[in-house]
Each structure stands twice: as C-alpha cells, then as structure tokens.
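Have a look at the structure below, then the notes.
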Amino acid sequence: MTVRPTANAPRPGGRRLRVAGALAAAVTFGLVAAGCGQIPADQAGPAPDSQVPATSSPTASAEPTTAAPSPSPTTAAPTTEPTSEPTPTTVRALLQKGDTGTKVRELQHRLRQLDWYSGNITGTFGSGTVTGVKGFQEKRKLDQTGAVDKTTWAKLTSMTRKPTDDEMHNRLVPGPAILSQGDSGDRVRGLQARLKQIGWFSGSVTGSYGSVTVAAVKGFQDKRAIPVTGEVDQRTWDRLTAMTRTPSNDELHNRTPKPSAAGLDSRCLTGRAMCISKSTNSLVWVIDGKPQLRMDVRFGSQELPTREGAFSVGWKSRDHVSTIYHTKMPYAMFFSGGQAVHYSPDFAARGYNGASHGCVNVRNLAGIQSLFADARVGDKVIVYR
C-alpha cells in the first residue's frame, strides 16, 4: 500500500531552495556590503529564514508490522554488552570570568594597549574585562563569548607586546628623558608639531622646550597612563609618534600649507571630487581641478580595508550612528555600501594608533563640517594609493 502525502505537506527541500535563491540574489545585486555604517533599509536584500523545518514523516505506516518470531527454546538469544555513549567534554577557556592571577593581569594590560580596557590592572576577570574581551572579539570577527580561548589569545598577543611587571602592577616608572625643559632645536620642533596635530599644543612651533611644552607633555602623559613628568622618555615618544605623522616643513615653521594639485590622481582634476590618497593619508577636496581643502585621513585595517576605486556620494547623514558597530559617524558621506567619509573622535584622540572599520576617518572637525556643507550627492569620491 502506498501512502500519499497530504496536500499541506511541505515539498522536501523547497524552503531551502527559496532561501538559497534569496541569498544568491542578494549577493548578485550587491545588496550585502561590509562597512562602518549600513546600507539604507530600502536597499537591503531579503532576509534569510532563520531555520528550515524538517520534513514530517507519514502519520500511518505503509504496511502492517509483523512481530518478529521468538527464538526457539533450544537456541539462546545472543547477548550484547551495552555500550555507553561517550560524554562530550567541554573544553575550558584559557581565561574566563571569575579567574584571577598574573595571567589575567597580562590579559588586561594587553587589552589596554588596544584601548579595550581602562583603569587599573586588577588581576580579577570581572565584568569590565568581559566587556573588553567581547569588544576585541567582535571587531576581529571572533566568537563573542567574553572568555579567552586559544584563538582570541593568539590574535591578542600578535597585536600587542608582553607587559612589564611594573605595568601589570600599576607601577608607573619613567624612563630616562630624551627631551626635557631647556632643550632646543629641530627635535623639539618635531615634538611641538606632533603635539599640535592632536590638540595638545597651541600657538607657534618655537623649537624651545619651555613651560608651555612641559604642560602639553604632562597632559598627553596623564591621559595615557604614562608617568607624568613633563619630560619625554622613550615610552612617551613612541606613543606620540604612533598617534601622529611626520610633520611637514610648513608645520615645523608655522606656515599655512596651500592645497596643491600636484600628485593628485588624474580622475580628481575634473568636476567635483574628494581625492583620497592612501599613500599620503590625505583627502583633498577639488573643484574643477582647483584644490579647496586638505585634511588628514585614516583608513580601515588589513582585516576591514577601505575599498579603492572611483565612486560617488550616494547619500549624506549629519548625525549618523552605525547600526553595525553602534558608534557615532557624524558628517557621514556614504560612497560604497556602508563605507563613508566621516568625522572620527577616535582618530582625533588616538591618531594613527588605530584604524576604522573600512570608512575614511577625518579628525579635522571644522574641515569635515565645511566639506559636508559643500559636497553634494553625486560628487566623485576617488580612493587610490
């Protein structure tokens, strides 16, 4: 006897085919794109179904079941030893909430090197450490467990250095001064110009290490948990240079640089274009071949690179907040999927000691406000090396 499926029975595999088709269409038409922000809702592709129901079996058996014959009295039924199923073992994380000790201190300091942990090193894996680990895992596309497994630890140690015993116990010990009050010359000019790039020094670059420079160095050190001496030791210098770029000759001698068309990509020299160079970390706003504005910019990491090519401004959002990373992206001008040119408070605070999620970060607030007001939907965005 053959049992026919009922009219409402799902066709095997039908739902899977529909889900696969929807995903294929999303990829084909470019509806899924990684970036700092998100694609507008009206451009998003169909959402895949969360699960596929199993095909139900018929409610009635096809043929009546016949009981198996009993073994004959003279033949003993074979006996089989019961086999116990092995219990799956749970692999314990290397470090997790509730742990304490030196290894937790090292974890916290390594997280602090990447700004995923703040405050004192305690050696106790509490909620603050869990939050830091989750943030680190999310940005690197790892499982967001808040616990440290081998993969998380390997990634973290590859990006950081091993802290000293003093660092792991919150002992701030300054190193020998390489620049201090009373010094003068080109190295002091470089120090002042770098501090000026990130807002710790104002006024003219003089080349003389006086009280104003001492105050600027102290402020910089205090914010970054470096011994506050007002003198520049190797730790202070390394942190400062990681956050800044080599000053130009104009910066060292208080000359206002004029934007130049020299070295710009030829695609930028007609019409209205944001000309964005990865080799010089700069954005030049050009109208009909004449540069109007130049700003420092920062790009995505190797894991989340900023796309290169010829694009155009698709839409603008003054007070944008990323729905992917839940971070503010003010004065955002989207040019490729979720990637945009926008102001970055993190870039303003940390400089090049960090990266975006693929967007073009600007740290000049007045400059990006001016560009946002001037730029139009449809203007060219040229990203190149």
Worksheet item: If you go through the range 138-149, how many residues are farther than 12 Å from LEU114 by Cβ and either in a loop (DSSP other than H, G, I, E, B) or in contact with a Ser or Thr (Cβ under 8 Å, 6 or more places away or on another chain) (or both)?
Response: 8
Item to complete: Assess whether ARG224 counts as being closer than 29 Å to THR280 by Cβ, without any contact (Cβ under 8 Å) to a residue 60 or more places away in the chain and not β-branched (Val, Ile, Thr).
Response: yes
Discussion item. I'd like the full set of residues that are in contact (Cβ under 8 Å) with a residue 24 or more places away in the chain and either polar (S, T, N, Q) or assigned by TED's automatic domain parsing to the domain that holds GLY351 (or both), limited to the range 254-263.
Written reply: ASN254, SER260
Worksheet item: Of all residues in the range 286-306, which are surrounded by fewer than 17 Cβ atoms within 10 Å (Cβ to Cβ) and either assigned to a strand (DSSP E or B) or hydroxyl-bearing (Ser, Thr, Tyr) (or both)?
Response: ILE287, LYS290, GLN292, SER301
Worksheet, complete the sentence: Exactly one of THR157, THR229, THR152, THR241 is under 32 Å from the mean Cα position of the chain (by Cα), over 26 Å from VAL104 (Cβ atoms) and among the polar types (S, T, N, Q), and that one is THR241
Worksheet item: Given the residues LEU293, LEU269, LEU240, which is the only one that is without any contact (Cβ under 8 Å) to a residue 24 or more places away in the chain and not β-branched (Val, Ile, Thr)?
Response: LEU269
Discussion item. Suppose the filter is in contact with a Phe, Trp or Tyr (Cβ under 7 Å, 6 or more places away or on another chain) and within 27 Å of ASN364 (Cα to Cα); does LEU191 pass it?
Written reply: no
Worksheet item: So which of HIS326, HIS342 ends up being under 17 Å from the mean Cα position of the chain (by Cα) and either more than 21 Å from ARG140 (Cβ to Cβ) or surrounded by 15 or more Cβ atoms within 10 Å (Cβ to Cβ) (or both)?
Response: HIS342
Worksheet item: Restricting to the range 309-329, what's the tally of residues that are farther than 19 Å from GLY378 by Cβ and either touching an Asp or Glu at 6+ places or on another chain (Cβ under 7 Å) or in a loop (DSSP other than H, G, I, E, B) (or both)?
Response: 6
Worksheet, complete the sentence: By residue number, the members of the range 241-285 that are outside any loop (DSSP other than H, G, I, E, B) and of a type in the set (S, T, N, Q) are THR241, ASN249, SER266, SER277, SER282
Practice prompt. Give the residues of the range 256-280 that are closer than 23 Å to TYR352 by Cβ, modelled with pLDDT under 90 and surrounded by fewer than 13 Cβ atoms within 10 Å (Cβ to Cβ), sorted by residue number.
Written response: THR256, PRO257, SER260, GLY263
Response to the item:
Within the range 213-255, residues surrounded by 15 or more Cβ atoms within 10 Å (Cβ to Cβ) and among the hydroxyl-bearing types (Ser, Thr, Tyr) come out as THR213, THR229, THR236, THR241, THR244
Worksheet item: Does any residue of the range 174-192 turn out to be surrounded by fewer than 17 Cβ atoms within 10 Å (Cβ to Cβ), within 26 Å of VAL104 (Cα to Cα) and either under 21 Å from the mean Cα position of the chain (by Cα) or at pLDDT below 95 (or both)?
Response: yes
Worksheet item: Any idea how many residues of the range 150-202 are in a loop (DSSP other than H, G, I, E, B), small (Gly, Ala, Ser) and in contact (Cβ under 8 Å) with a residue 40 or more places away in the chain?
Response: 4
Practice prompt. Consider SER184 carefully, then state whether it is in contact with a strand residue (DSSP E or B) (Cβ under 6 Å, 6 or more places away or on another chain) and more than 30 Å from ALA340 (Cα to Cα).
Written response: yes
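The values are calculated or read from the model by the stated rules, or taken from the named source; none is laboratory data. Since the model is a prediction, treat every value here as computed from it, not as a measurement. All Cβ positions, even for glycine, are placed from backbone atoms using ideal geometry, and neighbour counts span all protein chains on display.
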